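The values are calculated or read from the model by the stated rules, or taken from the named source; none is laboratory data. Computed from a prediction, not measured in an experiment: that's the story for all the values here. Cβ atoms come from the backbone with ideal geometry, glycine included; neighbour counts cover every protein chain shown. With ligands, DNA and RNA removed, areas are computed over all heavy atoms of the protein, side chains included. Shrake-Rupley method; radii C 1.70, N 1.55, O 1.52, S 1.80 Å.
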Amino acid sequence: MHTITQHSLRGPSTHVLGMALDWRPDPRARPLAAALAYWNSLALAGLPKRSDLSPRAMLPFLTLVQIYQMAPGGGSFTIRLMGTGVRPIFDRDMTGETIERPWPDALDNSTLLSRRMFAVFDALRVEPAPVLASVPRTVIDKLHGQPLATLFLPLSSDGLSVDMVLAVTDVPNGMSAS
């Protein structure tokens, strides 16, 4: 397995921790396609900032939005927003929760999910570009191993470095509470 930072040298996709990362996303799901088009429109002026986001413009995918703030140094991230369409997957609103980087020897599903999130965030710090992360079988217990895809879109406070991420998850039918 190659490291996540080698993806730009290896082509448009990378596999890490059982997850495919597509660095040239062309999502088929409507909310993900709408989110990518919106982010691309903001990125014409450089790396978008959270203050550039307009809830009104994000209506087609707003309930599926998550915003993550990465701590300096990458040791943790805080969930700044979890949309109402994503909350049912976790049976709760995780807005405000801080997730610490897991210990290497922890092996449960929650830890694997956290490792996957940190892998994406670490990659976005190196290469600030949209990435579609997909898994053939999610480790989120409530989804019973279904496939899952999330589009991760980098954001910046200073317009230069990635310190926040806008994510939009293609929630399986019947799971979201719009």
Candidate residues W23, W103: accessible-area rank, largest first, probe 1.4 Å | W103, W23
So which trypsin sites (Lys or Arg not before Pro) in region 56-137 end up in coil per DSSP with only 16 or fewer other C-beta atoms within 10 Å?
-> R56, R92, R137
Amide H contacts of L17 (H built 1.01 Å from N, under 5 Å, at least 5 apart or other chain) | none
What are the ³J(HN,Hα) values, in whole Hz, obtained from phi via the Karplus relation 6.51 cos²θ - 1.76 cosθ + 1.60 with θ = phi - 60°, for each residue of region 67-74 in sequence order, with x given for Gly and Pro?
-> 10, 10, 10, 8, 6, x, x, x
